[in-house]
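The values are calculated or read from the model by the stated rules, or taken from the named source; none is laboratory data. Because the structure is predicted, anything quoted here is derived from the model rather than measured. Every residue, glycine among them, receives a Cβ derived from its backbone with ideal geometry; neighbour counts consider all protein chains shown. All accessible areas refer to the heavy atoms of the entire protein, side chains included, with ligands and DNA or RNA removed. Shrake-Rupley method; radii C 1.70, N 1.55, O 1.52, S 1.80 Å.
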Amino acid sequence: MTTRSLHALLEGLIDYAGLFPPAGLSMQDAVRNYARYREEDYAWALGRFVVPADRVDEVPADFPLSILGVDEVKASSEEELEHIRPGAFVEITDLGLLDGIARRGLRAKIRTGGLTEDAFPDSARIAGFLRACKARGVAFKATAGLHHPLRCVKPLTYEPHAPTGTMHGFLNVFMAAALLDHADAILTETGAAAFAFDDDAASWRGHRVSTADLEAMRRTFATSFGSCSFEEPIADLKELGWL
């Protein structure tokens, strides 16, 4: 049975991005997958269906607009921020843009991986992003590379004989967001036994965050992460005995 703290951490956490690499599914297959996930046991962990803005017209007319994620853009300058509507997630590499994001009522997005090892930022950069967002009251989401709960070395794509690399864990990232004073160490943690989840709180090496605080964090700060697979994160959580 899933504990209340883990449920609070995972509820609606995984935005399904099956249209994007390395899955790169057709719209038909991705929509079919998402519909199936919504009917399965762990549908409560499923977030929105992420679609590029230029492909919205491919989405079936009967698809619920309330769970369609198209409000994600990139920006590299203050000028670009001026043309983005409030509430959108803005992918940035320059933390200096966070002040403008905060002023305009936008949300931030960090790329945590990709198809090559050099696409993965180091843990110090992720920790810096989390702290900078928190200091400015900016909510964020993460995207790319977070297929597994814990930091690990895995193939970077689904191709046979794909190169391997160190991948960040989504549990690491969101527990780091919850325990910012320990973010650097949490992001490099590879041991499942370092984390514990009970009904009242979640913890990392004895440092606890209450279930109520996790719920608030997810609602106002650490919103979700995009993954081209919903099945892989769920399977890993089950293998670890957390689901």
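Side notes on the structure shown:
- Unit charges on C-beta of K, R, D, E only; dipole of the stretch 1-69, Debye: 180 debye
- GNM flexibility winner over the chain from 81, 130, 214 (Cα, springs under 10 Å): 81
- Per atom type, the stretch 101-152 shows carbon and sulfur on 49% of its accessible surface, probed at 1.4 Å.
- Note on the chain: GNM, Cα springs under 10 Å; of 60, 155, 121, the largest mean-square fluctuation is that of 60.
- Per-residue surface analysis assigns residue 7 an accessible area of about 60 Å², computed on protein heavy atoms at 1.4 Å probe radius.
- Loop-exposed GluC sites (Glu not before Pro) per DSSP, neighbour cap 14 Cβ within 10 angstrom, longest uninterrupted part of the chain: 83-243
- Gyration tensor over alpha-carbon atoms, the stretch 86-243, equivalent ellipsoid semi-axes in Å: 24, 21, 14
- Taking the centroid of alpha carbons for each part, the stretch 65-141 and the stretch 143-192 are 19 Å apart.
- Cα-Cα separations in the stretch 1-150 greater than 25 Å, expressed as whole percent: 35 percent
- Mean residue ellipticity (222 nm) of the chain, computed from DSSP H runs ≥ 4 via -39,500 (n - 2.57), nearest 500: -8500 deg cm²/dmol
- Note on the chain: GNM, Cα springs under 10 Å; of 194, 183, 108, the largest mean-square fluctuation is that of 194.
- Signed unit charges on C-beta, dipole axis of the chain, positive-most listed residue 243, 152, 194: 194
- About its Cα centre, the chain has a charge dipole of approximately 500 debye under the convention of +1 per Lys or Arg Cβ and -1 per Asp or Glu Cβ, with nothing else charged.
- Lys, Arg +1 and Asp, Glu -1 on Cβ, resulting dipole of the stretch 68-114 about Cα centre, debye, nearest 20: 220 debye
- The residues of the stretch 21-93 expose on average 58 square angstrom of accessible surface per residue, using a 1.4 Å probe on protein heavy atoms.
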